[in-house]
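Heads up: the structure comes next, in structure tokens.
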Amino acid sequence: MNCLSTPSTSAFLPRQTQGFSLGTFKLWKKESRCIRKAGRIKITAKFELKPPPYPLNGLEPIMSQETLEYHWGKHHRTYVDNLNRQIDGTDLDEKSLENVVVISYNKGDFLPAFNNAAQAWNHDFFWESMKPGGGGKPSGDLLKLIKRDFGSFENFLDEFKTTASTQFGSGWTWLAYKESKLDVGNAVNPLPSDEDKKLVVVKTPNAVNPLVWNYYHPLLTIDVWEHAYYIDFQNQRSDYISVFMDKLVSWDSVSSRLEQAKARIVEREKEAERNKRDEQKPRSSEGIPEIYPDSDADLGADE
Ligand SMILES: [Fe+2]
């Protein structure tokens with residue numbers, strides 16, 4: 001990394017954390033800088049507040065510019081600013097936001113950075129879950145899977161809306177693609193008996209998101225913290241949830257996330273298969289002769 005410049009990274013990069021493969025996720029822009037500590041150069045990185053993929057008035061009249069100015073411009077910004085302060089100079093500095101979320105979740109025994117890291121990630125995901133002129137009905141594979149796993153699109157809508165409206169206090173509701181059974185330390189297991197590779201609706205309290213459960217791939221989320229809807233809907237959370245589903249959801253984003261999730265699952269399955277084959281291979285000391293060059297001539301040297 002060139003310490004004289006301030007490069008930004010917004011790429012799709014593979015990551016691996018504590019045996020937790022997050023595959024490829026869109027990472028936040030980070031502004032890097034160099035500081036000198038005890039005679040050594042240390043590179044630190046700062047998460048930047050990423051704007052929604054539309055103007056702040058782009059969701060009007062469903063979601064007002066004023067809501068976006070407070071929700072994105074103040075609440076979301078505060079999570080990012082607090083996170084940068086919390087991780088500055090720690091081992092979490094220079095890690096991707098997704099990795100900071102998973103590491104600081106710490107199997108349910110949160111490290112101090114968890115709430116701000118997860119809220120920063122959740123809000124980014126939330127803004128990209130909506131679009132001007134959204135809503136309606138999905139199509140293609142996504143609709144097929146919704147019909148397979150919920151019976152009908154209408155059943156899915158009912159389940160999502162009910163789940164979001166019954167979240168006690170602050171939190172989030174998600175549509176996720178569940179890759180396999182949950183197995184995470186002391187975390188609460190939301191759906192332990194479900195089959196693998198299916199769509200599920202789950203709710204999470206406060207800042208928690210499905211990334212921390214491993215093998216859950218989030219596809220869609222709605223923020224049901226009161227700050228998300230109070231300006232436009234006062235205390236009528238169910239009205240907010242209804243218009244979110246009917247007029248704001250970007251099914252294009254959800255479909256694209258589903259395709260990415262499937263691709264990641266295929267990658268993980270191939271990797272698991274490769275690892276299995278490698279384990280079954282005889283070791284070099286078990287029959288395959290090892291060949292070592294015994295002179296310079298074997299190395300092609302002629303001097
Ligand atoms: Fe929020």
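The values are calculated or read from the model by the stated rules, or taken from the named source; none is laboratory data. From a predicted model like this one, the values you see are computed outputs, not experimental measurements. Virtual Cβ from ideal backbone geometry, glycine too; neighbours counted across all protein chains shown. The accessibility values were calculated without ligands, DNA or RNA, using every heavy atom of the protein model including side chains. Shrake-Rupley method; radii C 1.70, N 1.55, O 1.52, S 1.80 Å.
Some notes on this structure:
- Too-long pairs where the Cα-Cα distance tops 25 Å, listed order kept, from Lys144/Lys203; Lys178/Lys203; Lys198/Lys281; Lys50/Lys144; Lys46/Lys198; Lys50/Lys147: Lys198/Lys281; Lys50/Lys144; Lys46/Lys198; Lys50/Lys147
- Shape class of region 65-267 from the alpha-carbon gyration tensor: oblate, with a/c at 1.5 or above and b/c at least as large as a/b.
- Protein accessible area in region 65-267, 1.4 Å probe - carbon and sulfur %: 47 percent
- Distance between the 7 Å Cα→Cβ label points at Thr90 and Lys281: 4.0 nm.
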